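Derivation of every value follows stated rules applied to the coordinates shown; laboratory data play no part. As the structure is a computational prediction, the values presented were derived from the model and not from experiment. With ideal geometry, Cβ positions are generated from the backbone for all residues, glycine too; neighbour counts draw on all protein chains shown.
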Amino acid sequence: MNESRPESMSSFWMPFTNNRDFKAHPRLLVSAQGMYYKDVDGNAVLDGTAGLWCVPCGHAQPKIVAAVSEMVGQLDFAPTFQMGHPAAFDLAERLMDYTNHKFGHVFYTNSGSEAVDTALKIALAYHKARGDAGRTRLIGRERGYHGVGFGGLSVGGIGPNRKAFGPLLPGVDHLPHTHNLGKNAFSRGEPEHGAELADELERIVALHDASTIAAVIVEPVAGSTGVLIPPQGYLKRLRELCTKHGILLIFDEVITGFGRLTTPFAVDYFDVEPDMMTTAKGLTNGTVPMGAVFSKKFIHDAFMEAPAGIELFHGYTYSGHPLACAASIATLEVFKEQGILENAKSLQPYWEDAVHSLRGLPHVIDIRTIGLVAGIELESILGKPGARAFAAFKQAFADGILIRTTGDIIALSPPLVLEKKHIDELFGKLAAVLKNLD
Ligand code: PMP
């Protein structure tokens with residue numbers, strides 16, 4: 001494989017990137033193994049973000065590499081409509097086991113964005129299938145991120161992501177976000193204050209009437225907007241209100257799935273069960289694009305009880321692609337064989353102490369942790385939001401650690417196979433970066 005710098009970088013239009021700045025100062029990764037990337041200059045870079053939250057088992061896990069290689073030679077593609085292949089069914093059963101049979105069915109997509117839009121469409125179609133066609137409103141939350149499809153963008157609550165693409169879907173409302181730096185700063189686990197923010201759903205119901213509302217979607221822990229952890233009791237309250245009003249509750253677990261909080265999913269951590277759950281990323285350990293929607297049996301049943309025909313007119317050419325299924329089956333095996341969740345659980349206290357040891361360093365105004373996730377919020381430079389954290393990101397990469405920033409928040413989410421020595425390296429280097437920041 002080519003490990004040298006590309007001759008030209010002009011044609012590739014990079015996603016979510018300041019293309020002009022990047023192409024002037026590119027950061028290029030050429031290989032990955034275990035906890036480390038290697039950059040184009042041959043430097044090792046400790047992966048503090050599991051890629052983009054998607055490599056819980058560490059890079060280049062031999063079992064996953066072998067499974068994908070074998071499948072590409074055996075069944076490179078199978079049509080998805082009116083046709084199937086065994087690995088897709090096998091994986092679905094294994095996923096039911098992995099999620100402790102909290103759900104009855106799984107629908108495959110190719111990304112988190114597709115999983116979100118699929119879940120929203122299932123919610124709308126579910127109510128129609130039951131003769132409750134008035135339920136069309138969708139409710140998201142401020143500072144929520146649900147991908148880049150028009151559905152996900154509409155229920156998402158990030159202004160800059162939305163503003164170029166309006167007016168988006170009609171009939172969408174947003175709950176307030178739960179972030180409260182004043183009351184909850186430097187929290188460990190679920191912050192104390194803010195469960196009552198779930199009651200804002202009552203206000204929306206009073207305004208529009210429950211009979212018009214199809215679904216509420218939230219990330220249990222909002223990742224992309226800087227690790228916003230739900231206040232104690234908030235998710236349970238949201239569940240109660242949705243049940244009371246016949247509204248479907250969807251958890252977007254694209255980043256919180258697959259051990260990120262030391263449990264299989266966030267539903268296990270918070271002990272709250274949504275009606276649907278979206279996921280992606282860790283589902284294949286980041287190797288082959290794949291997303292999924294898990295649904296409770298009663299939702300699937302509503303479609304099966306409708307007049308015979310195609311029950312859900314929705315899907316993708318690559319839904320349940322054989323390579324993705326092979327990668328996911330192998331990922332679940334690695335989770336079991338290598339005790340990935342157990343490792344995450346045993347290291348969590350050490351991780352949490354290491355993150356909070358950054359308290360008191362220049363510009364650090366908040367630190368929040370849950371599972372193997374950390375958000376470190378820096379004070380913004382006046383008139384230049386995001387500039388300080390981005391400077392930290394660039395320096396960190398030069399010093400051999402990969403961190404992620406969103407606004408002026410540093411978000412960390414390492415592969416779950418890490419050891420204490422990786423935690424020491426990550427925070428040793430990050431502390432040095434923060435001490436020397438302007
Ligand atoms: N939902 C959430 C909660 C996410 O964090 C992301 C991606 N970071 C998505 C949806 C979109 O996933 P994808 O980029 O795979 O489309």
message: Modelling each spin label as a point 7 Å along the Cα-to-Cβ direction, I'd like the residue 19/residue 316 distance in nm, to one decimal.
response: 2.3
Exposure proxy order (Cβ contacts within 10 Å, fewest to most) of 85, 146: 85, 146
- prompt: Ordered by residue, what ³J(HN,Hα) values in Hz, to whole numbers, does the stretch 49-62 give under the Karplus form 6.51 cos²θ - 1.76 cosθ + 1.60, where θ = phi - 60° and Gly and Pro are x?
  reply: 10, 6, x, 10, 6, 10, 10, x, 8, x, 7, 6, 4, x
query: What is the order of 126, 269, 350, fewest Cβ neighbours within 10 Å to most?
result: 350, 269, 126
field: Amide proton proximity set for residue 169, modelled H, under 5 Å, gap of 5+
entry: 154
field: Prolate/oblate/rounded call for the chain, Cα gyration tensor, a/c under 1.5 rounded
entry: oblate
message: In whole Hz and in residue order, list the ³J(HN,Hα) couplings for the stretch 241-253 that follow from phi through the Karplus curve 6.51 cos²θ - 1.76 cosθ + 1.60, θ = phi - 60°; x for Gly and Pro.
response: 5, 4, 4, 4, 9, x, 9, 6, 10, 10, 9, 8, 10
statement: On the formula 1/(1 + (r/R0)^6), with r taken between the Cβ atoms of residue 74 and residue 52 and R0 of 35 Å, the FRET efficiency rounded to 0.05 is 0.75
query: Once amide H atoms are placed 1.01 Å from N in the peptide plane, what residues at a sequence separation of 5 or more from residue 175, or on another chain, have their amide H within under 5 Å of its amide H?
result: 140, 141, 142
task: First select every other residue whose beta carbon is under 15 angstrom from the beta carbon of residue 206; then total the charges, Lys and Arg +1, Asp and Glu -1.
output: -2
field: Ranked list, fewest to most other Cβ atoms within 10 Å of each Cβ, for 433, 227
entry: 433, 227
message: 7 Å from Cα along Cα→Cβ at both residue 268 and residue 206: what's the point-to-point distance in nm?
response: 4.0
- request: Would you please give the residues with an amide H less than 5 Å from that of residue 404, counting only those at least 5 places away or on a separate chain, with H modeled from the backbone geometry?
  value: 411
- request: Step through the residues of the stretch 206-218 one at a time and calculate ³J(HN,Hα) from phi using the Karplus curve (6.51 cos²θ - 1.76 cosθ + 1.60, θ = phi - 60°), rounding each to whole Hz and writing x for Gly and Pro.
  value: 4, 6, 10, 6, 4, 5, 9, 9, 8, 7, 10, 10, 9
query: How big is Rg to Rh over the stretch 118-203, alpha-carbon atoms, Rh as the Kirkwood inverse-mean-distance radius?
result: 1.05
query: Hey, got the dipole for the stretch 65-337? About the Cα centre, +1 on K and R Cβ, -1 on D and E Cβ, debye to the nearest 20?
result: 580
